[in-house]
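First up is the structure itself, then whatever we jot down about it.
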Amino acid sequence: MRLNHIVRRLLQMPVFTGIAILTLAIGIGANAAIFSVVDGVLLKPLPYPKPDELVVLDHSAVGLNIQHAGSAPFLYFTYRENGGKTFQDVAMWTGDAVTVTGVAEPEEVRAVDVTDGMLPMLGVRPLFGRVFTAQDDSPAGVETVVLSAGYWRSRLGGEPSAVGRRIMLDGTAREIIGVLPDSFRFLDQKPSMFLPLRFDRAKVRLGNFSYTAVARIRPGVTLDHVTAETTRLIPLAMTSFPPFPGMNVQMFTDARITPTPRALKDEVVGDVGPVLWVLMGTIGMVLLIACANVANLLLVRAEGRRQELAVRAALGASRGRIAYELLAESVVLGLVGGVAGLGLAYGAVRALLGLAPGNLPRLDNIAIDPSVLAFTFGISIVAGLLFGIIPVFKYAGPDVASGLRGGGRTSSASRERHRARSILVIVQVALALVLLVGSGLMIRTFVALRQVEPGFRDPEEILTFSLAIPEAQVKDAEPVVRMYQAILDKIATVPGVTSVAVTSVVPMTSSGWHDAIFASDKTYGEGELPPMRLFKFLSPGLLKTMGNTLVAGRDFTWSDVYDKHPVVMVSENVARELWKEPAMAIGKQVRENPTSAWREVIGVVGDERDEGVDKNASSIAFWPVMMSHFSGTEPFVRRNVSFAIRSKRTGASAFTEEVSRAVWAVNPNLPLARVRPLDAIVSASMARTSFTLVMLAIAGVMALVLGVAGIYGVISYSVSQRTREIGIRMALGAQRREVTGLFVRHGLRLVAVGIVSGLAAALALTRLMRSLLFEVNPVDPITYVGVCLSLAAAAVLASYIPALRATSVNPVTALRAD
């Protein structure tokens, strides 16, 4: 059959064709959109030469129950100098933020600090200039910087002559030695510039796990080889570098540092893989439901062509010829639906990129590209064959005699004729139930997360921003704190501000500084290292500003800060762990290092979920923003801090501008970075749940709509086929309620079978969602019962409308119907 003949036949039935194409466009478009995400995030290789050779050299500390400790300079030097048989090169990096002055208004920009081998390892060729050498990475070398193409264009006008100029970063002049190309992506970071780490090997000590190490392995080397090699080298590293003062080698031995290497791609993708595969599977179910719907439409249409097909068979058309024509028609429908679906997918992808969900890595790789086009073309053909095969089996070789008799007024629809359509509806209901249960579980998870008490109150009233005072601007510690207090006093005069304070870590934004604390009334074995705690450095008044609960004791005072009183506060879970009761912690002494001075616990702060509302409360030690002899530094002052401001005006742009002017009134060279309300940070911590919820909810709604349409179609067709029977019943005195109930019960029977089948599938499949749920059982009875009742209600509605239409038929007219 020619293509133009198929198209002409489809155009002769615009309603049927339009509904079929729209149904397929929804199913295929949703699958194309989610595949573009899966392909861009999970399937595409990293954009570097031989990306399979790149591995992350991560470590765990089994003795301290730390799964991902990262790497450290002493391990970097050991691996690079002694791992030549396994590694082509080893490099290390860490995220940073620097203050830029002298270019335009002062601003803080994102940067990445790297060792000299990092950029060459990723195969980057600079657009202008060069990348770092070993001399640049040496403490004795000239201070240098490499810029991204975006920053070079936006701040330096895109002039090649910018290479060789100097730029002020954190008060230090650095020479611009290179500009990277637009196409270069550094993992999933978006830095404006790169700086050399400049380690002094002679001053490297054991510890300092604050970095990410990356290696390019030699051809033929596997992750098992990498594990074996790094396991061999760790003891060598322990004996090659001295510990920090107050520490000893035994502490690191007892920590049982263990290599846990993984592919660099796994590092970039993170834990989003299971979410995307679950979504891919659920959206695939939507396509199956759409196919079942179109198959039902084709069955109805083929029923109307039974006489035509029978005549053609009687005239010699082979079964294969008739099957070919039916399949060709359905494949054309599938392809047209695929083209329409691509339009929907394009819009969906653009919307997704506009939202830029924070938990989704590699957003730049998500696009409707040739691989997505090929996937869409493939599923369009498969879908066409899938929904077209059922009419082929039923009507490709019909009985000639029965086909020629079909349509006589004495003929009635056989039970077998309805069975296929009923089975398709059952399949639709079962799949819809699985999707609705999945979205219901995510809704329950989202509600549970929203009800979690994070440890602070009214985050929508708190504005936060980051600020750094580099040593090049203010050298001594106390003037730094004086400047903090002057800024706090100035912000406090802004109309609407009720309180303001300083902290080193805004909740749910960073892993922060983790280290051990030693209690004076506890006994530690030789080399024993206590559990890691999150260290926070803060000013007086932070607890009031954040709305934290002071369980026992008191807050810091400015006298504690300026007089450097040896004081500390701890979180409630630390107090209970060490001293059983919060009140018992007051007056106890702790220190961060076995050789440091003891510091008195003056307060116990209510637990705070610092890593996200879906994580357990962090164990925290709170320190003053300035201290004596802390962590080997005299005096110690925290130069990178965040300000927290409580006000009813938070969220207003005018308020942010007034706060900025208040800061610049004290020091015009201090840029405000990462200005955002705390509730936005809390919402971002639920990004994975929100993204999954929205996607599953969309899939569930589509499935419900398509399922209801399927039920409606089957009942409507049943009504049309039983018009004469309805007329007889009503002529014999049947009431409208009885006739309506007849069809509603038929719809409910189909839904009941679909629900039973769907429940079995949901009980098995939703267990795969366990890692996505929070305080919700995959077999949550409220969700399952609610979904079943919703489907039953939808079935009653979808069955009642055509059933009601049946009762309006005139019995005389019905008795005359064929």
Practice problem: Out of ALA697, ALA760, report the one residue that is more than 24 Å from the chain's Cα centre (by Cα), surrounded by fewer than 20 Cβ atoms within 10 Å (Cβ to Cβ), small (Gly, Ala, Ser) and at pLDDT 80 or above. | Solution: ALA760
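Take the conditions open to solvent by 30 Å² or more (accessible area, probe 1.4 Å), over 28 Å from ILE6 (Cβ atoms), at pLDDT 85 or above and in a loop (DSSP other than H, G, I, E, B) and apply them to ALA367. Does it pass?
Details: open to solvent by 30 Å² or more (accessible area, probe 1.4 Å): yes; over 28 Å from ILE6 (Cβ atoms): yes; at pLDDT 85 or above: yes; in a loop (DSSP other than H, G, I, E, B): yes.
Here the answer is yes, as ALA367 does meet what is asked.
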Quiz prompt | Single condition THR689 does not satisfy, out of (1) closer than 23 Å to PRO454 by Cβ; (2) free of Cβ contacts under 8 Å to residues at least 60 places away in the same chain; (3) open to solvent by less than 40 Å² (accessible area, probe 1.4 Å); (4) of a type in the set (S, T, N, Q) | solution = (2)
Exercise. List every residue pair whose Cβ atoms lie under 6 Å apart, where the two residues are 6 or more positions apart in sequence or sit on different chains, the first residue falls within region 341-357 and is touching a residue at least 40 places away in the same chain (Cβ under 8 Å), and the second residue, located anywhere, is among the hydroxyl-bearing types (Ser, Thr, Tyr).
Key: LEU342/THR376; VAL349/SER36
Quiz item: Does region 605-622 include one or more residues that are part of a loop (DSSP other than H, G, I, E, B), among the aromatic types (Phe, Trp, Tyr) and at pLDDT 90 or above?
Solution: no
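Can we say VAL382 is open to solvent by 40 Å² or more (accessible area, probe 1.4 Å), over 17 Å from LEU276 (Cβ atoms) and either of a type in the set (Phe, Trp, Tyr) or at pLDDT 75 or above (or both)?
Values: open to solvent by 40 Å² or more (accessible area, probe 1.4 Å): yes; over 17 Å from LEU276 (Cβ atoms): yes; either of a type in the set (Phe, Trp, Tyr) or at pLDDT 75 or above (or both): yes.
It is true that VAL382 is open to solvent by 40 Å² or more (accessible area, probe 1.4 Å), over 17 Å from LEU276 (Cβ atoms) and either of a type in the set (Phe, Trp, Tyr) or at pLDDT 75 or above (or both).
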Quiz item: For region 205-219, does any single residue satisfy the condition of being small (Gly, Ala, Ser), over 25 Å from GLN88 (Cβ atoms) and modelled with pLDDT under 90?
Solution: yes
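Looking for something in a loop (DSSP other than H, G, I, E, B) and either farther than 14 Å from LEU542 by Cα or open to solvent by 30 Å² or more (accessible area, probe 1.4 Å) (or both) - is there at least one such residue anywhere in region 496-503?
Yes - at least one qualifying residue is present in region 496-503.
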Self-check item: Identity of the residue in region 174-199, acidic (Asp, Glu) and part of a loop (DSSP other than H, G, I, E, B), that ends up least open to solvent (accessible area, probe 1.4 Å)
Solution: ASP188
Exercise. Could you tell me whether any residue of region 673-684 is of a type in the set (S, T, N, Q) and closer than 30 Å to GLY438 by Cβ?
Key: yes
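So, PRO479, is that one open to solvent by 20 Å² or more (accessible area, probe 1.4 Å) and of a type outside the set (Gly, Ala, Ser) or not?
Details: open to solvent by 20 Å² or more (accessible area, probe 1.4 Å): yes; of a type outside the set (Gly, Ala, Ser): yes.
Spelling it out, PRO479 is indeed open to solvent by 20 Å² or more (accessible area, probe 1.4 Å) and of a type outside the set (Gly, Ala, Ser).
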Exercise. Six or more apart or on different chains, Cβ under 6 Å: which pairs go from a residue in region 16-30 that's under 16 Å from LEU385 (Cα atoms) to one that's assigned to a helix (DSSP H, G or I) and of a type in the set (Ser, Thr, Tyr)? Could you list them?
Key: ILE28/SER380
Exercise. Exactly one condition in (1) open to solvent by 20 Å² or more (accessible area, probe 1.4 Å); (2) over 30 Å from SER619 (Cβ atoms); (3) not aromatic (Phe, Trp, Tyr) is not met by VAL100; state its number.
Key: (1)
Practice problem: Evaluate the following for VAL142: is it under 26 Å from PHE87 (Cβ atoms) and hydrophobic (A, V, I, L, M, F, W, C)? | Solution: no
Practice problem: Find the residue count for region 776-818, including only residues that are of a type in the set (Gly, Ala, Ser), loosely packed, with under 13 Cβ neighbours inside 10 Å and at pLDDT 80 or above. | Solution: 1
Quiz item: Yes or no: GLY407 at pLDDT below 85, open to solvent by 50 Å² or more (accessible area, probe 1.4 Å), touching a helix residue (DSSP H, G or I) at 6+ places or on another chain (Cβ under 9 Å) and outside any helix (DSSP H, G or I)?
Solution: yes
Quiz item: If you check every pair at least six apart or on different chains, which have Cβ atoms under 6 Å apart with a residue in region 92-118 that is without any contact (Cβ under 8 Å) to a residue 40 or more places away in the chain first and a residue that is open to solvent by 20 Å² or more (accessible area, probe 1.4 Å) second?
Solution: GLY117/ASP89
Quiz item: Hey, ALA202 hits all of (1) surrounded by fewer than 19 Cβ atoms within 10 Å (Cβ to Cβ); (2) in contact (Cβ under 8 Å) with a residue 12 or more places away in the chain; (3) under 19 Å from PRO73 (Cα atoms); (4) among the hydrophobic types (A, V, I, L, M, F, W, C) but one; which does it fall short on?
Solution: (2)
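What's the total number of residues in region 554-583 that are open to solvent by less than 50 Å² (accessible area, probe 1.4 Å) and small (Gly, Ala, Ser)? Show your work before the answer.
Going residue by residue through region 554-583, those that are open to solvent by less than 50 Å² (accessible area, probe 1.4 Å) are 555-556, 560-562, 567-575, 578-579, 582.
Next cut, small (Gly, Ala, Ser) only: 571, 575.
Residues in region 554-583 being open to solvent by less than 50 Å² (accessible area, probe 1.4 Å) and small (Gly, Ala, Ser): 2 in total.
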Self-check item: Set ALA313, ALA295, ALA351, ALA290: member being open to solvent by less than 10 Å² (accessible area, probe 1.4 Å) and modelled with pLDDT under 85
Solution: ALA295
Practice problem: Kindly provide the set of residues from region 440-471 that are open to solvent by 10 Å² or more (accessible area, probe 1.4 Å) and either touching a Phe, Trp or Tyr at 6+ places or on another chain (Cβ under 7 Å) or in a helix (DSSP H, G or I) (or both), ordered by number. | Solution: GLY440, ILE443, ARG444, PHE446, VAL447, ALA448, ARG450, PRO459, GLU460, GLU461
Self-check item: Some residue of region 230-243 being open to solvent by less than 50 Å² (accessible area, probe 1.4 Å), closer than 23 Å to PRO73 by Cα, at pLDDT below 90 and touching a strand residue (DSSP E or B) at 6+ places or on another chain (Cβ under 8 Å)
Solution: yes
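Please enumerate the residues belonging to region 504-527 that are hydroxyl-bearing (Ser, Thr, Tyr), more than 19 Å from VAL567 (Cα to Cα) and crowded, with 16+ Cβ neighbours inside 10 Å. So that I can check it myself, show each step before the final result.
Our first condition is that a residue be hydroxyl-bearing (Ser, Thr, Tyr); within region 504-527, this holds for 504, 509-511, 520, 523-524.
From what's left, more than 19 Å from VAL567 (Cα to Cα): 509-511, 523-524.
Across region 504-527, the qualifying residue is only THR509.
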Exercise. Within region 129-173, count every residue that is assigned to a strand (DSSP E or B), of a type in the set (A, V, I, L, M) and surrounded by fewer than 17 Cβ atoms within 10 Å (Cβ to Cβ).
Key: 1
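The values are calculated or read from the model by the stated rules, or taken from the named source; none is laboratory data. Here the structure is a predicted model, which is why all the values come from computation and not from measurement. For neighbour counting, all protein chains shown are included, and Cβ atoms are generated from backbone atoms with ideal geometry for every residue, glycine included. These area figures cover heavy atoms from the full protein model, side chains too; ligands, DNA and RNA do not enter into them. Shrake-Rupley method; radii C 1.70, N 1.55, O 1.52, S 1.80 Å.
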